[in-house]
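Some notes on the structure that comes next.
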Amino acid sequence: MPENNLLEMRQIEIQFPGVKALDKVDFTLRAGEIHSLLGENGAGKSTLIKCLTGVNRMDAGTITFMGNSIRPQSPQEAMGMGISTVYQEVNLCPNLTVAENIFVGRQPMKHGQIDWKTITKRARELMARFHQDIDVSRPLSYYSTAVQQMVAIARAVDVQAKVLILDEPTSSLDDNEVQLLFDVMRDLKAEGMGIIFITHFLDQVFAISDRLTILRNGHLVGSYDIGDITKVELVTQMVGKDMDTIFNLKRASVPEDAPDMLNASHIGSPGQIEDISVTVKKGELIGFAGLLGSGRTETAEMLFGAHRATSGEIEVDGQKAEIKKPYDALVKGIAFCPEDRKRDGIIADLSIRENIALAVQARKGFLHPLSSKEQNEMADKYIKALGIATPDAEKKIGELSGGNQQKVILARWMATDPKVLILDEPTRGIDIGAKAEIQRLMLEMCGEGVSVVFISSELDEIIRCSNRIIIMRDREKVAELNGDEATQEKILSIIAEGAKAAGGEAS
């Protein structure tokens, strides 16, 4: 084992019923490097990490860590060896304090009792190391996702980790929070830690990585120094197709005399959104751009009745709509795919069939249950139409990849035959191929007369898909651009104007 190779995984094979998840995969991590592990959903990234952390048992292959052969049997055993993982959904206890979360299960003791003074002091020092001057005695739930990520990393570092695995750590962070995380990653790298970085944000791969490894369909495509591969080459290697083929999309064609399908006039609610107006024509796709916290999600939730508008009016298909709760929106033909599919979208222990049928069943009322035949026909139709990768409709949705989970949620709302479909970050945390499929489905629905409201933090896809773009800042609509005239520079300039103004006021 070369001197600076911290971890070597050789010829790893894992077989699941009916599929070979990993086929002779090699992976090497050096001390003091940030190594991105890339591939589409289902490529084998999670399976490889679960093999390393003792969740999955490998059928063949070897793992060498710090010169010793290892075969972890559980995540706890892997952590004891010095291999820690921080997942996209922070796996901590929100009801416990920051300090308790860092030291839970290994609290310092004094005279037979937990030494709270030492715990608090060490937790404060650890968080300061990660540029977080916070009250560690507050519950974890008090803090943002970004701070919770730092707490998870602090815990991993404090258990003397030599390898840190970051699984989609930036998916819920804004640009400033991402840069803070990158600063921490560089600090840990400088201390000799090996970091495995899993992400779908390719710009971030090139911003922070030293090397990268690409998997596709359970096979190793290759490992590269970051300077030896371009973004276009990376995408081609990941997907097996070039970018022009992947994103060969055309915006929806909307006639000038197309009727308004959704018209929200001066809607608002104290503490949520103040006085916003939105009009969407039949078959039109409207994109919402803005930073996290700009009011995009709050607007979407108000249109769907998840938060009630206390002022203004909403019309759907020319008729006034009293939307006080989501059921009212559903009856009027408004569908909503929420931002956090894990928390607000999927019911992980139910089958694909049951998850797809939920919205139609809710509209019918639970005193009028859908028959098994109706559910099966509905599920089979959308599994085929959306290309959901599953052996059958009875597979639990929680066992699917992120991209396929997102397709099931989309199928749930397509089954309601909506007039207006609101999609909040539908492509977050999914691979580039699935991302293109979701975008294509949105535009196909527009072609069938469905009006789409599309929220995304990725400006390139907002520009690629939208007929019009609404720009939000500080929970207000500050600009509206035609899709043809929009550029990333123009949108960022409009957003930055507010940041400069806020900075001027602060000073």
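Karplus-derived 3J(HN,Hα) values for the range 21-32, using 6.51 cos²θ - 1.76 cosθ + 1.60 with θ = phi - 60°, are 6, 9, 10, 6, 8, 10, 8, 10, 10, 8, 5, x Hz; glycine and proline are entered as x. Counting only aspartates and glutamates at least 8 places from LYS320 when in the same chain, those with an alpha carbon closer than 19 Å to its own are ASP260, ASP275, GLU301, ASP328.
With volume of the Cα convex hull per residue in Å³ as the read-out, I listed [x] 189; [y] 154; [z] 177; which label goes with the value calculated from this structure? Step by step, volume of the Cα convex hull per residue in Å³ for this structure corresponds to label [z].
Taking the range 2-239 as the region of interest, the number of lysine pairs whose Cα atoms are within less than 28 Å, with members eight or more places apart or on different chains, is 18.
Restricting to the chain, what percent of DSSP beta bridges are antiparallel, rounded to 5?
Numbers: 45 of 79 bridges.
Here the share of antiparallel DSSP bridges comes out near 55 percent.
What does the C-alpha gyration tensor say about the overall shape of the range 2-239? Classify as rounded when a/c is under 1.5, otherwise prolate if a/b is larger than b/c, or oblate. Write down the numbers at each step before the final one.
Working: a/c = 1.97, a/b = 1.51, b/c = 1.31.
The shape class here is prolate.
Database remark: amide H of ALA321 closer than 5 angstrom to the amide H of ILE314, GLU315, VAL316 (H placed geometrically; neighbours at sequence offset of 5 or more, or on other chains; Pro and chain starts carry no H). For LYS395, a cut-off of 20 angstrom between C-alpha atoms picks up these aspartates and glutamates, skipping any fewer than 8 places away in its own chain: ASP344, ASP349, GLU354, GLU374, GLU377, ASP380. Sparse packing (at most 14 other Cβ atoms within 10 Å of the Cβ) combined with a DSSP loop state is found for the following GluC sites (Glu not before Pro) in the range 393-475: GLU394, GLU448. Distance between the 7 Å Cα→Cβ label points at ASP380 and ASN95: 4.5 nm.
Restrict the search to the range 175-274; then list the trypsin sites (Lys or Arg not before Pro) that DSSP places in a loop and that have at most 11 other Cβ atoms within 10 Å of their Cβ. Walk me through the numbers before you get to the answer.
Values: sites: ARG186, LYS189, ARG211, ARG216, LYS231, LYS241, LYS250, ARG251; in loops: LYS241, LYS250, ARG251.
Sites meeting the loop and neighbour criteria: LYS250.
Magnitude of the charge dipole for the chain, about its Cα centre and with charges confined to Cβ atoms of Lys, Arg (+1) and Asp, Glu (-1), is about 1400 debye. Considering only beta bridges that DSSP places wholly inside the range 2-239, some 60 percent are antiparallel. When a 1.4 Å probe is rolled over the protein heavy atoms, the share of accessible surface on the chain that falls to carbon and sulfur comes to 47 percent. Close amide H partners of ASP115, meaning residues 5 or more places away or on another chain with modelled amide H under 5 Å apart, are MET109, LYS110. Karplus-derived 3J(HN,Hα) values for the range 55-68, using 6.51 cos²θ - 1.76 cosθ + 1.60 with θ = phi - 60°, are 7, 9, 8, 7, 7, 7, x, 9, 10, 10, 10, 6, x, 10 Hz; glycine and proline are entered as x.
Among 328-335, 295-302, how do they line up by average Cβ neighbours within 10 Å per residue, starting with the highest? Let's see the in-between values first.
Working: 328-335: 20.9, 295-302: 23.8.
Listed from highest to lowest mean packing, they are 295-302, 328-335.
In sequence order, the range 191-200 has phi-based couplings of 8, x, 6, x, 10, 9, 10, 10, 7, 9 Hz under the Karplus curve 6.51 cos²θ - 1.76 cosθ + 1.60, θ = phi - 60°, and Gly or Pro positions carry x.
How many Å² of accessible area per residue for the chain, probe 1.4 Å? Please report the intermediate quantities before stating the final value.
Working: 22970 Å² over 507 residues.
Ligands and nucleic acids excluded, the result is 45 Å² per residue.
The values are calculated or read from the model by the stated rules, or taken from the named source; none is laboratory data. Since the structure is predicted, the reported quantities are computational estimates derived from the model, not experimental observations. Cβ sites come from the backbone with ideal geometry, for glycine too, and all protein chains shown count toward neighbours. Remember, those area values only see protein heavy atoms, side chains included, never the ligands or the DNA or RNA. Shrake-Rupley method; radii C 1.70, N 1.55, O 1.52, S 1.80 Å.
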